[in-house]
Each structure stands twice: as C-alpha cells, then as structure tokens.
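The values are calculated or read from the model by the stated rules, or taken from the named source; none is laboratory data. Worth saying up front: this structure is predicted, and the values here are computed from it rather than measured. Here the Cβ is made from the backbone with ideal geometry for all residues, glycine too, and neighbour counts use every protein chain on show. Protein only, heavy atoms only, side chains kept; ligands, DNA and RNA dropped before computing areas. Shrake-Rupley method; radii C 1.70, N 1.55, O 1.52, S 1.80 Å.
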Amino acid sequence: MSPSQCEALKDYQKLAISGLNSIALGEEGTEKRGSQCQKGPVHLNKMCRLPGALQILPLVEYHITAYYQALQSMEKSEVGTSDNQSMSSSSTDSSAMASAKDTVSRLTEPALASLRTLYNLVFYSLDVVETLLQIREVGKTPSEPARESSTVTNIEMDSDERMQHPLFKTIVLLLAPSVVTCKKETIREQALHVLVKLAENASIELLTRFQGLLGSHVLLQCLCPNASLDVALKTVVLLALLADDERLVRLLCSCSENCLLLSLYTYIISRPDKHASEKDWLRLDHEVVRFLNKLITQGWSPPSARSGATCLCSREVVKALVLTLHQKWLSVRRLTVLLPTPNQNKSVLFLREAVMVLHSLYQKDKSFSEHCLEVFHQYDQAVPGVRALFRKFNTLNENEEFALDELCPPEVETEDESMDCT
C-alpha cells in the first residue's frame, strides 16, 4: 500500500468514526418514509435519513473498490501467463500471478465486511439509498451526497457529463467476476443482497437507475449453469422488485440468446446446482412463480403473444412452469394425508398461484399447445391431478375451476381423478 493510499484510508476511517458517533448520539434528522423515526436504535421497518451514514460510505467504497481492482490485476496476470510461453518469462509470470492471488485473498474479508456494512446502511438510511442511485456529476468525491435532480424520472439519464455512483457500478461488476476465487459465490451473493435491499428501498423513480444492469450481460452470469442456487434465487428476487417499473420490464426479454428470461427458465429446467436440496429448488420455483404472477398482473405478455416478436423464452416459460407445477404436485400428493389446513398450506397456495399463471399463458400464448409438447407427459399428469387435489379438499374457487377446465376439459379424467387422489 502506497503512502497516499495509507493516508486516504486513515481519512476514511476517521470520517466513518465521525459518522458512527453522529448516529450513536442521535444527531440525525427524522425525515423518513411512513411513521415518525424513533430515537435510539432504528426500528426494523422504519427508514430514517441518517446523514451520518453517508460518512461511512467512503471507507466501505475503499475496501470494495480495492478488492475489485485486485480481481482485475489477477485477471491481467492470468492473461499474461497464458500468453507468455517462453521459459524466461515463465518464472516472472508465475510470481506475478501468485502475488495477485495473495492480494485478492488478503482483500476478500475486508470486502465482505464492507458489503455487509453497506447492506445495513442501505437498510436503514434513505440518504444512502438516494446517494447510490442518484446520477452524480463526474468529479464528486465519494463522501459527497448526490444533488437532487428534477429530471429523475427521465429514462434517458446517461450523458457525457454525468455518471452513476462508482460504488453502485462496482457492486454490479462484482456479479460477474472474470476470475475464479475461493469466495467468488459468497461475494456475489452479498453483492446481490445489497442490490436487492437497494431496489426494495428505492422509489419508483430511482428504480430506473437499474436499467444499465438489465441492459448489460451481468445478470446472465447469475443465471448461468455455474451459478449457485442461492445466487439464482437472489437474482429472481431482484428482478421481481425491478418489475415494479414497466420500463424495466421491457428490458427483461431481448429476443436473443442473451434474453434474461430465457436464462432464468433454462436454469429452472436444467437444475444445474447439484449441491442444492429439493427444498431449496422448490423455494426458487416459488419465487419464479410469484415473479411471473407479478408480471402478468401488470399486463406483461410473452413475446409469442405479440405480433412480430419471437424468442425462445416463450417456449421455455411454459416448459419451466409445467415442470415446476408437476414437481410440486408430486410432493403435495405424497403429503395430502398430513395437511391439517389445506386452504392455508403454503404448498397448496403455491399450486393455486401456479395454475393461474399457467392459465394466463394459455390465454396469451398463441403457440401454447406447441410449447407444451416436450413436457406433455408432466402436463397430462399435473393439471388434472391438481384439480383432483383441490376437489378433494373443496378449495376450488370459480376462477380456478374455470382455469383448470380450460387447461384440461373435465371429460378427460386421469386415474387420479377417478380415484379421488386415494
């Protein structure tokens, strides 16, 4: 670490201590969302301005940025090692690579601690949320709060004179690390944790700041076969929060191989994380169904329902939903005798929601039958099986009965239905 870096770190540490003292002594404004902010420890569901939290940001940014820069150096070392094949350079390249790895290893824990700290700052402080998401003028120091913008609702907010907060950009870049490290997934999970809370606490106007994230290929890395289920789960939660802005919804499908929705459905169908339990996979299934239900409630339609639009995600969403419905129906069917209150049981509630989402796709997708062909066996079991289950517990409402009758005409009965699931 250079003398100038040591001096900067000391300054950031002093500033952070000053911010912590300000918060601890209650020298904070009470402006917030909702009810009045309480003195003392901030209540879990109450966000205050907490301007003192802004003084902690530079130290957090320092450690996270240092880690990311170390990753970049490690990547350059790897490229140099692969490019230089001569014996004379081999020893030097190996030494540089070992040094880069040591630096990343040394900076990993401070970066993780800083990401956890940032999560808490975003959780409690509206000032921190707005500072990270406001567009800032080039040249502002990390400790300066963003100035208010009267054009915050304009989707065309990027310009040569303005930029996003560098810490926000670095967190996004941590979602797609270019090198493999021992705690790559842990860092990525924690970065997603921060982004989820940031989106959750952002106003609708500030959600547009995530357009760059959706427009890039970064989230594709969070849904690739090598991604852990926990990373995929947090990604779905983030997408569901961003779906509150209809302008961001339009970025979910690119009608190309880089379509985010296509990557999500492919991940659900292939179930690549072999270390995850079936319970964990069902959690992801639940989040995906809720996400789709939210999109449909807001008027979203698959590309196949729009004139001139084509994307493989139109087919894969049907396959993913049918397989999810089938898997859940099998698990509930085995436990029907153990369900004390089927109307309130989470598994039964999930089946109800999944059926209604599937019915919406049936109504919107002109190629629904064709898209079901690859999973027709599961469809032919699950849909009438779910209807039989609902009838057994007398839980069908009028809309659900209509949906199931359209998805599977009553005259076509399975053995399960005739035996009343016994």
Among the helices (runs of 4 or more DSSP H) lying completely within the stretch 229-334, list those that include at least 3 residues that are not hydrophobic (A, V, I, L, M, F, W, C).
229-242, 260-270, 278-297, 313-334
Which ones in the stretch 264-281 are open to solvent by less than 30 Å² (accessible area, probe 1.4 Å) and small (Gly, Ala, Ser)?
Ala276
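Each row is one residue, and each column tells you yes or no for (1) at pLDDT 90 or above; (2) over 23 Å from Asp245 (Cα atoms); (3) open to solvent by less than 70 Å² (accessible area, probe 1.4 Å).
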site: Val122; (1), (2), (3): yes, no, yes
site: Val128; (1), (2), (3): yes, no, yes
site: Leu133; (1), (2), (3): yes, no, yes
site: Ala146; (1), (2), (3): no, no, yes
site: Val152; (1), (2), (3): no, no, yes
site: Glu156; (1), (2), (3): no, no, no
site: Glu161; (1), (2), (3): no, yes, no
site: Gln164; (1), (2), (3): no, no, yes
Counting only residues that are in a helix (DSSP H, G or I), open to solvent by less than 50 Å² (accessible area, probe 1.4 Å) and of a type outside the set (D, E, K, R), how many does the stretch 174-225 have?
21
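Going by what's in this entry, would Leu261 be described as modelled with pLDDT of 95 or more, surrounded by 19 or more Cβ atoms within 10 Å (Cβ to Cβ) and farther than 29 Å from Ser178 by Cβ?
Taking the combined requirement at face value, the residue does not satisfy it.
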Among residues belonging to the stretch 226-258 that are of a type in the set (A, V, I, L, M) and open to solvent by 10 Å² or more (accessible area, probe 1.4 Å), point out the one that is nearest to the chain's Cα centre (by Cα).
Val237
Among residues belonging to the stretch 37-47 that are over 25 Å from the mean Cα position of the chain (by Cα) and open to solvent by less than 50 Å² (accessible area, probe 1.4 Å), point out the one that is modelled with the lowest pLDDT.
Val42
Which condition number in (1) open to solvent by less than 10 Å² (accessible area, probe 1.4 Å); (2) at pLDDT below 95 is the one that Leu284 fails?
(2)
Can you tell me which residues in the stretch 1-36 are open to solvent by less than 60 Å² (accessible area, probe 1.4 Å), assigned to a loop (DSSP other than H, G, I, E, B) and either within 14 Å of Asp127 (Cα to Cα) or modelled with pLDDT of 95 or more (or both)?
Glu28, Gly29
Has the stretch 81-98 got at least one residue that is closer than 20 Å to Ile17 by Cα, open to solvent by 70 Å² or more (accessible area, probe 1.4 Å), assigned to a loop (DSSP other than H, G, I, E, B) and at pLDDT below 95?
no
